[in-house]
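Read-outs throughout are calculated quantities, based only on the coordinates presented, and are distinct from any laboratory measurement. Just so we're clear, the structure is a prediction, and the values are computed from it rather than from any experiment. Ideal geometry is used to build each Cβ from the backbone, glycine not excepted, and the neighbour counts take in all protein chains shown.
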Amino acid sequence: MSVDRGVLSRLKTVAGAQGFTENPEDIAPHLTEWRGKYRGASPILLKPKTAAEVSEILAICNETRTPVVPQGGNTGLVGGQIPFHGEVLLSLSRMNRVRAVDAQGMSMIAEAGVVLAEAQAAAGEADRLFPLNLASEGSCTVGGNLSTNAGGVDVLRYGSARDLVLGLEVVLADGRVLDMLRTLRKDNTGYDLKQLFLGAEGTLGIVTAAALKLFARPRARATAFVALRDPAAAVALLGRLQDETGGLVSAFELVPRLALDLVLAHIPQTSDPLKEPAPWYALVEATSGARFPLLETLQDAIAAAMETGCVRNAAFASNDAQRAALWRLRESISEAQKREGGSVKHDVSVPIADIPAFLDEGCAAVARVVPGARSVAFGHMGDGNIHFNFSTPKGGDDAAFLARWNDVAQAVYRVVARFGGSISAEHGIGIMKRDELLLYKSANEIELMRTLKRTLDPNNILNPGKVVAV
């Protein structure tokens, strides 16, 4: 498609001299995602500074039926932020103010373009915690996090992005601004409209600011890298630790030996925390107030698990540097797998108790499609979210393996469905899983989603073709 020159001129006038670029070199980094799987095209990148400017831009686009693709930090993995057909690209990066931090009220108001790490830092300066914690926190943004309902490593304790939102400021497709930036903890006045836009990937409205929940800053932290017999032992250990700490476990990350081997091979300045290899590991972290004997409780619980044979060994971080080194092993898995070669990735969830059986059945299903495919299944076991990834068979051809992406995905999704799971736990739907959604959501759910889309965006200008086709 092409955008009318007159429309472009009107949009540039609204955005102002500093609020747009038509330079292909400036636009190029916004047209491809981290893995290079998706590439798009756009004649213009708009960078509004205020919600009023976003409102004017959308009003023009709605009037002229000009499609718009909103973009945060461009860290998405399902193509939701990519303009595939020459749409107008709208970046919220200049809307990057933390408008207010209320330490006593445990809340913060941040604009959509605030980088997640900066939101965390603003909370920290007020001696508070904003617990959304992602590997991409140095580049992903609040608006993108909310629009995709981002998860991360602390969902177990604090919930996903939608659980951290008190209120929103949203611009609708026709330019109307919904000011719902309330910081109330209880508000029972009708429909909770903000939830419509959380996880909607910019298809129903554009989030321009959010009122976010803050929490007491932890005074104690205990981190352990635990060698395990198998995934069933991990499930048992998770339950034991939750019982012993009274629910203070914030992260429980499952790591297979192959993932650790890839990190050690491809990521500089990493080392194995334990002397003897094990088939599986868990990176465990718990937090508490100052007076709780957190480390001792964690150590005792893991020692008891060792007596049952579930746990083989464990390394405990004794300082911040050791903690950072342990987390680097987990957070480098995706980069290490990328450097290893071709990889087919899935972001799925199943009931926690079913994870061991799911891993067995899922690996067997993929092996039937691509014999020798190497399983790199890791991630947020504490909330049932597994990044069920596969690398090219040893000595195999990357291009040939990647050509089987859809075949592998369908095999995985069929197993996920048998366990009553979800084909997208935290990455969203975007374009990658839009058609698959029709197979794994009921017809009534799909039709209601389409009804919402047609009602809020009747001209289909907001991120068209993403999440659900209308």
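Couple of notes before you dig in:
- Its convex hull of Cα atoms gives the stretch 213-297 a direction-averaged projected area, equal to a quarter of the hull surface, of 7.1 nm².
- Three-way shape call for the stretch 211-258 based on the alpha-carbon gyration tensor, with the a/c threshold at 1.5: prolate
- Neighbour-count ranking [beta-carbon atoms within 10 angstrom, fewest first] of 267, 27: 267, 27
- Whole-angstrom gap from the stretch 377-402 to the stretch 97-112, using each part's C-alpha centre: 38 Å
- The angle separating the long axis of helix 294-308 from the principal Cα axis of greatest extent in the chain is about 60 degrees.
- Estimated at 0.36 nm per residue, the fully extended path between residue 448 and residue 354 surpasses their Cα-Cα distance by 30.9 nm.
- Antiparallel bridges, percent of DSSP beta bridges restricted to the chain (to nearest 5): 90 percent
- Taking every DSSP helix (H) stretch of at least 4 residues in the chain, weighting each as -39,500 (n - 2.57) and dividing the sum by the residue count yields a mean residue ellipticity at 222 nm of -10500 deg cm²/dmol.
- If both residues of a DSSP beta bridge must be in the stretch 1-156, then about 55% of such bridges are antiparallel.
- Structure-derived Cα extents along the principal axes in Å - corresponding label in [x] 93, 64, 50; [y] 143, 48, 43; [z] 72, 56, 45: [z]
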